[in-house]
Protein chains: 2
Amino acid sequence: MTERLVVIGGDAAGMTAASRARRRRQPEDLEIVAFERGPYTSYSACGIPYFVGDLVSDIDELVARTPDEHRRNGIDVRTGHEVVAVDIDRRRVRVRDLSDGADLDEPFDQLVVATGAVPFRPDVPGIDTDGIFGVQTLADGVAVRRAVDDRAPERAVIVGGGYIGLEMAEALVRRGLEVSLIDRTEQPMGMALDADMGALVGRALGAVGVTLHMGERVEGFDADDGRVRAVRTPRRTLPADLVVLGTGVRPDSRLAGESGIAIGETGGIVTDARMQTSVDGVWAAGDCVETVDRVTGNRVLIPLGTHANKQGRVVGINATGGDVRFPGVIGTAASKICAYEVARSGLTEGQAAQAGIGVVAATIQATTRAGYYPGAEPITVKIVAERANGRIVGAQIVGEEGAGKRIDVLATAIWNRMHVDEVASLDLSYAPPVAPVWDPVLVAARKAADLL
Amino acid sequence: MTERLVVIGGDAAGMTAASRARRRRQPEDLEIVAFERGPYTSYSACGIPYFVGDLVSDIDELVARTPDEHRRNGIDVRTGHEVVAVDIDRRRVRVRDLSDGADLDEPFDQLVVATGAVPFRPDVPGIDTDGIFGVQTLADGVAVRRAVDDRAPERAVIVGGGYIGLEMAEALVRRGLEVSLIDRTEQPMGMALDADMGALVGRALGAVGVTLHMGERVEGFDADDGRVRAVRTPRRTLPADLVVLGTGVRPDSRLAGESGIAIGETGGIVTDARMQTSVDGVWAAGDCVETVDRVTGNRVLIPLGTHANKQGRVVGINATGGDVRFPGVIGTAASKICAYEVARSGLTEGQAAQAGIGVVAATIQATTRAGYYPGAEPITVKIVAERANGRIVGAQIVGEEGAGKRIDVLATAIWNRMHVDEVASLDLSYAPPVAPVWDPVLVAARKAADLL
């Protein structure tokens, strides 16, 4: 008898699960149906700033696999279809065809919940005014770019100084707009970096002309003829023809919660290491789930494409009889902001304090290549180590070309719970065009070790 | 009473030891004397190809710290002085002043042997002809560059297809010479890379016009008026106005051996993990010592500046009453050859076979950035894993800008003896300007895991 695997959500997590399942089981053995309420599948939302900034000219370039490509692979993708209810007992989903509003019930044997995340929208007057854009879906990206292309806006205000806010700020500068950025924190990337490292990013933004208004929150939006005209904070009113919200996301776990699937305190769907939810045969992956932070052991929300892809793979294998695990995360992330690559992994000093972990922190300045080699660029590396046992628990890097990916070395060290003294002894590569003889990450680790 | 620390050799290992010792002990407590037979101290021999290629215009840029700078730091550096004998029993070295040939005896309490390496010179007719250059010391680099600047050579032949040979080939192409390269191995970097990866490097060299003659050995050199005119192999006679030897080095352990200090089977000075030789209070560091390969457990020779610096630090601390260890190496190395960054760590397939370790090997092609992001360049990653237990034991990378330093992630994985399945699950950084959503090292690790 043919089994039926139903996937809710057609982006990275859901379609990776579907594709992996398809490779493991023949169509006569397993039918795979994926419901996606939007028009796109398997796309890179991370690429939206580069599409808006015109580094990428065609939105289709951000699509890794189209619905038709999935169909040719034997996955029955139904775009424009929203799953509105899950009946766990009867193993059915209720699906709404968004073209005509008709509902139909679809049975499943195995279910994959990959409903992603929904953006936070500040609950302030005027939030629904035309000209205020989120950047969550590819359709959002198309809308922002169209606004820039067609409306010739002159002034943009970005609300939120996280990765996406900063990347959008740079994109809009590139498109010739005058850009301001508002965030409640004291430095950009306040969730990802300590303030000393965030200040470096702030300086880079300033250098390309972005005006920062830090430590301020949005009180409301003013409109003219129904279109946004200004952003109000307690301290100022900023004229704006275009507003981008980069105020973060929360897991879209409503459907799962309503169906009786366990939701964690974080608001994300709870799964085990095999990515199975509290319901047998119901799996979840991507931005809608909570995951384990390997450093603190806490359950956390880290809505990133890398995890969505890895978790989707785990689901695709386990939902078809395999047995693999998703081992958790350590909070590694990277971005490129103007000339600077920004990267982090593990805990900041601030996060360590919140978690009650006593730490030492060392910060060093160096260059990406041997000092005498052309193109040696500045790099700042910060390492956070647990005072009690010397283990590296966090790292942050801000620097020019070639700086950011060095975080992966430190991420691998954090993953392996290495002592900073051993990190400083690592046999890393050296050649004048790619590193100084003491790689900056070794210098930072040595300095941290000397503080213990 | 003032103690006396004598250092033999004024480059990375010796002067790092001296500097570290100076930071730990006051001059009235410890006198530090360093003997160096050449004119330079603390220089980057790795930078010579960039000086010859005119990416670096002043040889002084390759000097990290001059003799005078060391003297100002309280180290009595005596350049132009060669230590010709060590009397272990009487705790004295015999030093020759190369300016007048006078010998004098200098006492020591602690001795640091940092005599470095000597280049192999093929034992063939004509090897001492004018116009044949080694590239071991800064003086060698000055001589090669002077020959290029002053003699206007048109054709160069490089003997040896390792890092230095290839880097010099590129440098001479940059200076407008017609360059050929001869090596006994079938592919460039035959000691560092498997042939499949070496072939990629060979292609890059061919693309910039270097003619490769692989699988050939030099039989002799022809001269005209005492100056080199051609290089002979069994298959051809290559006209040459300039010849560069990149035929490797051996540890300069003669002095130590003659003094009764233990020399290992590799020919390098034997030390313990504290870098102490077989003689109490006599330490050794740098290219003259053998070290432990952490992957195989074997004693090996890896003459690299990174190890010289780390070992020098260990010696400087231990020789002044400290207690730190050099934990060994895993054979990480990198180079930039034309457009390609080349890097490796651990064992190649070939080396694993020699060591009797059964392995699987996976090779993948990917890009350095998200495919749609401008400047996404090709990268090839090869991972070697032990068949019996799945642990990663080796990695090789060839690719364009941003490829090479990714080896450090895999080096850290090899160092930690990670299973390739866990490597594939690592939480590495992702952003379209710096990586695809599945970083190439993860893709390679996954492929290796799937072969187990």
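The values are calculated or read from the model by the stated rules, or taken from the named source; none is laboratory data. Worth saying up front: this structure is predicted, and the values here are computed from it rather than measured. Glycine also receives a Cβ, built like all others from the backbone with ideal geometry; neighbour counts cover every protein chain displayed. For the accessible areas, the whole protein counts, side chains as well, though only heavy atoms, and no ligand, DNA or RNA atoms are used. Shrake-Rupley method; radii C 1.70, N 1.55, O 1.52, S 1.80 Å.
In segment A:430-441, the residues that are more than 7 Å from chain B (Cβ to nearest Cβ) form Cβ pairs under 6 Å with partners that are among the basic types (Lys, Arg), at six or more places apart or across chains, as follows: A:Val441/A:Arg406. Only residues that are of a type in the set (Ser, Thr, Tyr) and more than 8 Å from chain A (Cβ to nearest Cβ) were counted across segment B:328-342, and they come to 1. Checked against (1) under 22 Å from A:Ala17 (Cα atoms); (2) of a type in the set (Asp, Glu); (3) surrounded by fewer than 16 Cβ atoms within 10 Å (Cβ to Cβ), A:Asp225 meets all criteria but (1). Every condition in (1) within 26 Å of A:Asp287 (Cβ to Cβ); (2) among the aliphatic types (A, V, I, L, M); (3) not in a loop (DSSP other than H, G, I, E, B) holds for A:Val179 except the one numbered (1).
B:Val270 falls short on exactly one of the conditions (1) within 12 Å of chain A (Cβ to nearest Cβ); (2) of a type in the set (A, V, I, L, M, F, W, C); (3) surrounded by fewer than 24 Cβ atoms within 10 Å (Cβ to Cβ); (4) at negative phi, and that condition is (1). Given the condition in a helix (DSSP H, G or I) and over 23 Å from B:Glu349 (Cα atoms), answer yes or no: does some residue in segment B:187-202 qualify? Among the residues of segment B:187-202, not one is in a helix (DSSP H, G or I) and over 23 Å from B:Glu349 (Cα atoms), which makes the answer no.
Scanning segment B:268-297 for residues that are closer than 18 Å to B:Arg313 by Cβ and of a type in the set (Asp, Glu) gives B:Asp272, B:Asp287. Being more than 21 Å from B:Lys382 (Cβ to Cβ) and either surrounded by fewer than 17 Cβ atoms within 10 Å (Cβ to Cβ) or in contact with a helix residue (DSSP H, G or I) (Cβ under 8 Å, 6 or more places away or on another chain) (or both) narrows it down to one residue among B:Leu166, B:Leu172, B:Leu193, B:Leu205; which is it? Going through B:Leu166, B:Leu172, B:Leu193, B:Leu205 in turn, the sole match is B:Leu172. The single condition from (1) touching a helix residue (DSSP H, G or I) at 6+ places or on another chain (Cβ under 8 Å); (2) modelled with pLDDT under 95 that A:Asp60 fails is (1).
Working carefully through the options B:Val135, B:Val159, find the one that is under 21 Å from B:Gly38 (Cβ atoms) and of a type in the set (A, V, I, L, M). Walk me through how you get there before you give the answer.
Numbers: B:Val159 fails: under 21 Å from B:Gly38 (Cβ atoms).
So the residue among B:Val135, B:Val159 that is under 21 Å from B:Gly38 (Cβ atoms) and of a type in the set (A, V, I, L, M) is B:Val135.
Where residues in segment B:273-315 are more than 13 Å from every other protein chain (Cβ to nearest Cβ), of a type outside the set (Lys, Arg) and not in a loop (DSSP other than H, G, I, E, B), which of them is farthest from the chain's Cα centre (by Cα)? Result: B:Val282.
Given the options B:Glu422, B:Glu400, B:Glu377, name the one that is surrounded by fewer than 24 Cβ atoms within 10 Å (Cβ to Cβ) and closer than 20 Å to B:Ala192 by Cβ. Steps first, please.
Working: B:Glu422 fails: closer than 20 Å to B:Ala192 by Cβ; B:Glu377 fails: closer than 20 Å to B:Ala192 by Cβ.
So the residue among B:Glu422, B:Glu400, B:Glu377 that is surrounded by fewer than 24 Cβ atoms within 10 Å (Cβ to Cβ) and closer than 20 Å to B:Ala192 by Cβ is B:Glu400.
Condition check ((1) open to solvent by 40 Å² or more (accessible area, probe 1.4 Å); (2) not basic (Lys, Arg)) across all residues:
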| residue | (1), (2) |
| --- | --- |
| A:Glu36 | no, yes |
| A:Gly53 | no, yes |
| A:Glu61 | yes, yes |
| A:Pro67 | no, yes |
| A:Gly74 | no, yes |
| A:Asp89 | yes, yes |
| A:Arg92 | yes, no |
| A:Arg96 | yes, no |
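Considering A:Ala143, A:Ala139, the condition of being in contact with a Pro (Cβ under 8 Å, 6 or more places away or on another chain), of a type in the set (A, V, I, L, M, F, W, C) and surrounded by fewer than 17 Cβ atoms within 10 Å (Cβ to Cβ) is satisfied by A:Ala139 alone. Does B:Arg325 satisfy being within 11 Å of another protein chain (Cβ to nearest Cβ), touching a residue at least 12 places away in the same chain (Cβ under 8 Å) and farther than 30 Å from B:Val113 by Cβ? In short, no.
Here's the yes/no breakdown for (1) within 24 Å of B:Met191 (Cβ to Cβ); (2) outside the structural domain of B:Ala204 (by TED's automatic domain parsing); (3) touching a residue at least 40 places away in the same chain (Cβ under 8 Å); (4) of a type outside the set (Lys, Arg):
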{"residue": "B:Pro374", "(1), (2), (3), (4)": "no, yes, no, yes"}
{"residue": "B:Arg391", "(1), (2), (3), (4)": "yes, yes, no, no"}
{"residue": "B:Ala403", "(1), (2), (3), (4)": "yes, yes, yes, yes"}
{"residue": "B:Leu428", "(1), (2), (3), (4)": "no, yes, no, yes"}
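Those strands (runs of 3 or more DSSP E) of segment B:209-272 in which at least 2 residues are under 26 Å from the mean Cα position of the chain (by Cα), considering only elements entirely within it, cover B:211-214, B:242-245, B:249-251. Screening B:Phe108 with (1) touching a helix residue (DSSP H, G or I) at 6+ places or on another chain (Cβ under 7 Å); (2) touching a residue at least 40 places away in the same chain (Cβ under 8 Å) gives one miss only, at (1).
Could you pull out the residue among B:Gly226, B:Gly215 that is touching an Asp or Glu at 6+ places or on another chain (Cβ under 9 Å) and under 26 Å from B:Ser335 (Cα atoms)? Talk me through it step by step, then tell me what you get.
Details: B:Gly226 fails: under 26 Å from B:Ser335 (Cα atoms).
Unique residue meeting the criteria: B:Gly215.
Apart from one condition, A:Arg23 fits all of (1) more than 12 Å from chain B (Cβ to nearest Cβ); (2) part of a helix (DSSP H, G or I); (3) surrounded by fewer than 20 Cβ atoms within 10 Å (Cβ to Cβ); the exception is (1). Scanning segment B:272-283 for residues that are of a type outside the set (Lys, Arg), under 13 Å from B:Arg325 (Cα atoms) and in contact (Cβ under 8 Å) with a residue 24 or more places away in the chain yields B:Ala273, B:Met275, B:Gln276, B:Trp283.
Residues in segment B:145-176 that are part of a helix (DSSP H, G or I) and of a type in the set (Lys, Arg): B:Arg145, B:Arg146, B:Arg151, B:Arg174. Of the residues screened, A:Ala114 is one that is touching a residue at least 12 places away in the same chain (Cβ under 8 Å), out of contact with any Asp or Glu (no Cβ under 6 Å at 6 or more places or on another chain) and either open to solvent by 60 Å² or more (accessible area, probe 1.4 Å) or within 30 Å of A:Thr332 (Cα to Cα) (or both).
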